[in-house]
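Trainee: Sharing a structure here in structure tokens format.
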Amino acid sequence: MKRKFCLILAVTMIMSSFTLTAFGTELDKDKFESDIDFMKDIIYLVIDNYQYEVSQDEVINGLYDGFFSVLDEYSVYYTPEEYREMLETSAGEFVGIGVEITESGGQIVVVTPIPGSPAFEAGIKPRDIIKYVDGADITGATASQATLLIRGKEGTPVKIGVIRGKETLTFDVVRKPVVLSTVESKILENNTGYLGVTNFYDNTVELVKKELAEFDKQNIKKIVIDVRNNGGGTLQSAVDILNLFVTEGPVVYVDYATGKEDVFESKLKEQKYKIAVLINEGSASATEIFAGAVKYKNEGVVIGTKSFGKGIVQTIYSLGDGSGMKFTTAEYFSVNRTPVHKIGITPDIVVENEGIDISKYPEFSKTNKPVLGSVSLDVLSAEMILHSLGYDVDEPDGVYDQKTFEQVIKFQNDNLLYPYGTIDIATQNTLYNALVIHSLENVEDLQLKAAVEALNK
């Protein structure tokens, strides 16, 4: 009975914490309170009769999640643990091992270990496939799910199992505070600078300023700013960085649900650099604020493919129990009040990169072990992968013929597998991992090439 009371009290507090003028319209107070009473009855019924154990926290978090599910996909409730992780990431600092990861074809692939991080010092390398975290197979996990497993409390150990080419390696790593580097720089041909910005976090503007100071020492005046696959960050960070590259005037308009309007401006008197901005379908939110200002102020050239089209603003609220929530409170418009939401930013110069689309390869069943003479999708997938990797197979057709058989044996030998020609589960896994690595290594960056050419005309 005590458990019931606590649950119902929590539900009542949850519901009463929201104003009755939400969603821009007056709610029917009597019906609202009646709905709360009905929800109590449902919870009583479930708690009394549900077969399996469910914790009070799970019930309450489920209620929150259910409420936020009726809002847009960018509105979310965070448990205390999730809220802490989110704040750490947005600040550009977190406790973990220090790897930037991506999900590719169901595998978690290391993009890069952050220099000086525990992962870097342990010897984890780019293109390592993270297979295990503390013994648990994370194949099929999203990048977010993998991140939550890898991060943890400062000073705690974590065992990371990776696949690297022909080897499976295990690293014992101790979690430490890590400063997330969101900016990469290098010098390209024709004395052209390159700035890769992966997120607009609180510390990103200082990192950009640091790299620009190095460019200034080398008298670099032409810069490619790469914000491809940059999912955004804070609006203020994007505005602060725009103040380094575009001249004075409005750069973004923000219209709130309350009727309030904010206008953010650049105060830069004179443009110092000639810039080209790279975007793609993964460029969203604050990134589109940045790219849109460059495009619509005509103070640089935008190159790549059309951006995502997330022109809305979320506000973060902390709650008394350590949890938090984020929900959409405004829509933003670019220079001259150009709409962005569900529209995106169209580049001045459209350029597609050519790469390997892993989704076009049939998935291995992981249950069959094709032998010479077999006909199946598993054979087709093996043939397609071998062909992509440069092995001498005929046009893939799903028929396990003698030529493919010989190339499978060659692949097994090359990867220290038992060379008997059967496409067993180990061979299927190794083929797929080889494809993932190949896809990451063999993309010609036509967009970057076009940006350098545009800056040097």
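Trainee: Taking only DSSP H segments of four or more residues, each worth -39500 (n - 2.57), what value at 222 nm results for the chain once the sum is divided by all its residues, to the nearest 500 deg cm²/dmol? Let's see the in-between values first.
Mentor: Values: 13 runs with 159 residues, N = 457.
Theoretical 222 nm ellipticity from helices: -11000 deg cm²/dmol.
Trainee: Could you sort 412-420, 108-116 so that the peptide with the highest average Cβ count within 10 Å comes first and the rest follow in order?
Mentor: Working: 412-420: 14.6, 108-116: 18.3.
Going by the mean number of other Cβ atoms within 10 Å, highest first, we get 108-116, 412-420.
Trainee: If you don't mind, another one. What's the local net charge at Val158, with K and R +1, D and E -1, over the other residues with C-beta under 13 Å away? Display every interim value, and only then the final one.
Mentor: Values: positive: Arg151, Lys153, Lys159, Arg175, Lys176; negative: Asp134, Glu154, Asp172.
In short, +2.
Trainee: Sorting check: for 262-270, 29-37, which peptide has the highest mean count of neighbouring beta carbons within 10 Å, and how do the rest follow? Intermediate results must be reported in sequence, preceding the final value.
Mentor: Details: 262-270: 13.0, 29-37: 11.3.
Going by the mean number of other Cβ atoms within 10 Å, highest first, we get 262-270, 29-37.
Trainee: Take the Cα atoms of the range 334-429, find their three principal axes, and give me the spread along each one in whole Å, biggest first.
Mentor: Cα extents, longest axis first: 66, 25, 25 Å.
Trainee: Thr367 to Val46: FRET efficiency via 1/(1 + (r/R0)^6), r the Cβ-Cβ distance, R0 45 Å, to the nearest 0.05?
Mentor: Working: r = 37 Å, r/R0 = 0.83.
That gives a FRET efficiency of 0.75.
Trainee: Quote the charge dipole size of the chain about the Cα centre in Debye, to the nearest 20; the model charges only the Cβ of Lys and Arg (+1) and of Asp and Glu (-1).
Mentor: Working: 43 positive and 67 negative charges, 221 e Å.
My answer is approximately 1060 debye.
Trainee: Between Val174 and Leu244, what length in nm is gained on full extension when 0.36 nm per residue of separation is reduced by their alpha carbon distance? Before the final figure, lay out the partial values.
Mentor: Values: separation 70, 0.36 × 70 = 25.20 nm, distance 3.79 nm.
That works out to 21.4 nm of additional length.
Trainee: Here's a follow-up. Give the separation of the Cα centroids, the range 94-148 to the range 152-216, in Å.
Mentor: The distance from the Cα centre of the range 94-148 to that of the range 152-216 comes to 12 Å.
Trainee: In whole Hz, what ³J(HN,Hα) sequence does the range 165-176 give by Karplus (6.51, -1.76, 1.60; θ = phi - 60°), x for Gly and Pro?
Mentor: Going residue by residue, I get x, 8, 10, 10, 10, 10, 10, 8, 10, 9, 5, 9 Hz, with x marking Gly and Pro.
Trainee: Which cross-chain or sequence-distant (5 or more) residues have an amide H under 5 Å from the amide H of Leu188, H modelled 1.01 Å from N in plane?
Mentor: Amide H neighbours of Leu188: Gly193, Tyr194.
Trainee: Net charge around Asp202, counting only other residues with Cβ within less than 14 Å of its Cβ (Lys, Arg = +1; Asp, Glu = -1)?
Mentor: Local charge sum for Asp202: -3.
Trainee: Please figure out what share of the DSSP beta bridges in the chain is antiparallel and state it in percent, rounded to the nearest 5.
Mentor: On the way: 56 of 74 bridges.
Approximately 75 percent, going by the DSSP bridge assignments.
Trainee: Contour minus end-to-end for Val54 and Lys449, with contour as 0.36 nm per residue of separation and end-to-end as the Cα-Cα distance?
Mentor: Length gained between Val54 and Lys449: 136.7 nm.
Trainee: Length gain on complete extension for the stretch Lys360 to Ala426, per 0.36 nm per residue less the alpha carbon to alpha carbon distance?
Mentor: Numbers: separation 66, 0.36 × 66 = 23.76 nm, distance 2.13 nm.
Answer, rounded to one decimal: 21.6 nm.
Trainee: Could you give me the ³J(HN,Hα) list for the range 185-201, computed from phi with Karplus coefficients 6.51, -1.76, 1.60 and θ = phi - 60°, whole Hz, x at Gly and Pro?
Mentor: So the Karplus estimates, Gly and Pro as x, are 9, 6, 9, 9, 5, 6, 6, 9, x, 10, 10, x, 10, 8, 7, 9, 8 Hz.
Trainee: Between His438 and Arg164, what is the label-point separation in nm under the 7 Å Cα-to-beta-carbon projection?
Mentor: Once both label points are built, they end up 2.2 nm from each other.
Trainee: Further question: Using the Cα centre of the range 93-179 as origin and beta-carbon charges of +1 (Lys, Arg) and -1 (Asp, Glu), tell me which of Thr156, Ile129, Val95 is placed farthest towards the positive end of the dipole.
Mentor: Of the candidates, Ile129 comes out farthest on the positive side.
Trainee: Further question on the same structure: Students often check this: by mean Cβ neighbours within 10 Å, which of 243-253, 208-218, 275-285 ranks highest, and how do the rest follow?
Mentor: Working: 243-253: 18.9, 208-218: 14.4, 275-285: 24.5.
Highest mean packing first, the order is 275-285, 243-253, 208-218.
Trainee: Right, here's the next one. At a Förster radius of 56 Å, what calculated FRET efficiency corresponds to the Cβ-Cβ distance of Lys457 and Lys29, to the nearest 0.05?
Mentor: Numbers: r = 65 Å, r/R0 = 1.16.
FRET efficiency, Lys457 to Lys29: 0.30.
Trainee: Now for a separate question. Around Gly300, what is the net charge, scoring Lys/Arg as +1 and Asp/Glu as -1 over all other residues with Cβ under 14 Å from its Cβ? Working shown, then result.
Mentor: Numbers: positive: Lys221, Lys222, Lys272, Lys274, Lys295, Lys297, Lys457; negative: Asp226, Glu299, Asp348.
Combined, the nearby Lys, Arg, Asp and Glu give +4.
Trainee: With Rg and Dmax of the Cα atoms in Å as the read-out, I listed [x] 21.4, 70; [y] 25.2, 92; [z] 26.1, 77; which label goes with the value calculated from this structure?
Mentor: [z]
Trainee: Still on this structure, I have one more. Once Lys and Arg get +1 and Asp and Glu get -1 on their Cβ, which of Gln236, Asn190, Ile316 lies farthest toward the positive end of the dipole of the range 183-354?
Mentor: Working it through, the farthest residue towards the positive pole turns out to be Asn190.
Trainee: Using the beta-carbon distance between Glu270 and Lys306 and R0 = 41 Å, what value does 1/(1 + (r/R0)^6) give for FRET efficiency, to the nearest 0.05? Kindly include the intermediate steps, with their values, before the conclusion.
Mentor: Details: r = 31 Å, r/R0 = 0.75.
The pair Glu270/Lys306 has a calculated efficiency of 0.85.
Trainee: What distance in nm separates the two pseudo spin-label positions at Ser144 and Leu71, each 7 Å out from Cα along the beta-carbon direction?
Mentor: Label-label distance for Ser144 and Leu71, simple model: 1.4 nm.
Trainee: For Val133, enumerate residues with amide H under 5 Å from its amide H, sequence gap 5+ or separate chain, H modeled in the peptide plane.
Mentor: Amide H neighbours of Val133, under 5 Å, 5+ apart: Ile138, Gly161.
Values in this text are rule-based calculations from the coordinates and carry no lab data. Model, not experiment: these values are computed from the prediction. Note that each Cβ is placed from the backbone with ideal geometry, even for glycine, and that neighbours are counted across all protein chains shown.
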